[in-house]
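Visitor: For reference, the structure I am asking about is given below.
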Amino acid sequence: MTAALTLTLSACGSDGKEEKPDAGRSAQGNSRDKQDSQAKQDSPPKQSDNSKVIATLKGQAGIILDITSATRSAGGFVTVHGNLKNTGQGKYYDTQQWSGPELDVIRGAGGSSLGGATLVDEKEKKRYYTLRDTENRPLASVGMAIIEPNSEQKVFMQFPAPPKTTSQVDLQIPSFQSVALTLTDG
């Protein structure tokens, strides 16, 4: 019976996308590469030491997001850094709405994230959604199912950059008040 179960399990799980290890790499090496890639995606881009608050978004039940930078990079994207705080007395559970309504973002993030954030360019009349990686995970802070009372955590979001002629955008996150941000060049 063990042999039959082993044979059955080895035949399962193929989705038609066969992974081919690079020449000179083992399949185990590819597994490590995937873990490294996941770890890089889960960790935010380096945040500047400047912790000066440039804008504050107020959410529900004492949730506050202090924005510390909104930087346009030469690579064609904008990175927004901030500190998410629960100034309330109780745990905050309603974080799922921050992921926005897109099911792909919710699935890709594995739950709650800031993937529902958008930058709005009023001048050009365009909305920019958070960037996604090749597996449709948002390039934003993830894994925020519960925000503990009196806690603070660093967060980030990345967006496509608006044209260089645009220097001000509105940051919108579901359940937060929107706020105007002035973009700086990084």
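The values are calculated or read from the model by the stated rules, or taken from the named source; none is laboratory data. Nothing here was measured: the structure is a model prediction, and the numbers come from that model. Cβ atoms come from the backbone with ideal geometry, glycine included; neighbour counts cover every protein chain shown. For accessibility, only protein heavy atoms count, side chains too; no ligands or nucleic acids. Shrake-Rupley method; radii C 1.70, N 1.55, O 1.52, S 1.80 Å.
Visitor: State the number of residues belonging to the stretch 97-128 that are at pLDDT below 90 and either over 17 Å from the mean Cα position of the chain (by Cα) or not acidic (Asp, Glu) (or both).
Guide: Let us first name the residues in the stretch 97-128 that are at pLDDT below 90, namely 99-112.
After this cut, where a residue has to be either over 17 Å from the mean Cα position of the chain (by Cα) or not acidic (Asp, Glu) (or both) as well, the list is 99-101, 103, 105-112.
Of the residues in that region, 12 qualify.
Visitor: Taking the stated definitions as given, is GLY143 over 15 Å from the mean Cα position of the chain (by Cα), over 17 Å from THR182 (Cβ atoms) and not hydroxyl-bearing (Ser, Thr, Tyr)?
Guide: On the way: over 15 Å from the mean Cα position of the chain (by Cα): no; over 17 Å from THR182 (Cβ atoms): yes; not hydroxyl-bearing (Ser, Thr, Tyr): yes.
Taking the combined requirement at face value, the residue does not satisfy it.
Visitor: Mind listing whichever residues of the stretch 76-97 are assigned to a loop (DSSP other than H, G, I, E, B) and open to solvent by 10 Å² or more (accessible area, probe 1.4 Å)?
Guide: Correct list: GLY76, THR87, GLY88, GLN89, GLY90, LYS91, TYR93, ASP94.
Visitor: Here is a follow-up. So which residues in the stretch 129-151 are at pLDDT 90 or above, in a loop (DSSP other than H, G, I, E, B) and in contact with an Asp or Glu (Cβ under 8 Å, 6 or more places away or on another chain)?
Guide: Once the filter is applied, which keeps residues that are at pLDDT 90 or above, in a loop (DSSP other than H, G, I, E, B) and in contact with an Asp or Glu (Cβ under 8 Å, 6 or more places away or on another chain), the stretch 129-151 yields only LEU139.
Visitor: Give the stretch 157-177 a look and list any residue that's of a type in the set (Gly, Ala, Ser), under 16 Å from LYS123 (Cα atoms) and under 18 Å from the mean Cα position of the chain (by Cα), or say none.
Guide: ALA161
Visitor: Sticking with this one: Can you name the condition, by its number, that ASP121 falls short on among (1) open to solvent by 50 Å² or more (accessible area, probe 1.4 Å); (2) in contact with a strand residue (DSSP E or B) (Cβ under 9 Å, 6 or more places away or on another chain); (3) among the acidic types (Asp, Glu)?
Guide: Going through (1) open to solvent by 50 Å² or more (accessible area, probe 1.4 Å); (2) in contact with a strand residue (DSSP E or B) (Cβ under 9 Å, 6 or more places away or on another chain); (3) among the acidic types (Asp, Glu) one by one, ASP121 breaks only (1).
Visitor: Going through the stretch 166-183 one residue at a time, which ones are β-branched (Val, Ile, Thr) and open to solvent by 70 Å² or more (accessible area, probe 1.4 Å)? Steps first, answer last, please.
Guide: Taking the stretch 166-183 as the starting set, the residues that turn out to be β-branched (Val, Ile, Thr) are 166, 169, 173, 179, 182.
Result: THR182, single match.
Visitor: Which number in (1) within 15 Å of GLY59 (Cα to Cα); (2) in contact with a strand residue (DSSP E or B) (Cβ under 8 Å, 6 or more places away or on another chain) marks the one condition that VAL169 misses?
Guide: With (1) within 15 Å of GLY59 (Cα to Cα); (2) in contact with a strand residue (DSSP E or B) (Cβ under 8 Å, 6 or more places away or on another chain) applied to VAL169, the lone miss is (1).
Visitor: In the stretch 54-74, what count of residues is obtained for those that are closer than 12 Å to PHE159 by Cβ and in a loop (DSSP other than H, G, I, E, B)?
Guide: Let us first name the residues in the stretch 54-74 that are closer than 12 Å to PHE159 by Cβ, namely 70-73.
So of that shortlist, the ones also in a loop (DSSP other than H, G, I, E, B) come out as 73.
So the count comes out to 1.
Visitor: Could you tell me whether the stretch 145-165 includes any residue that is more than 21 Å from GLY59 (Cβ to Cβ), surrounded by 13 or more Cβ atoms within 10 Å (Cβ to Cβ) and without any contact (Cβ under 8 Å) to a residue 60 or more places away in the chain?
Guide: No, the conditions are met nowhere in the stretch 145-165.
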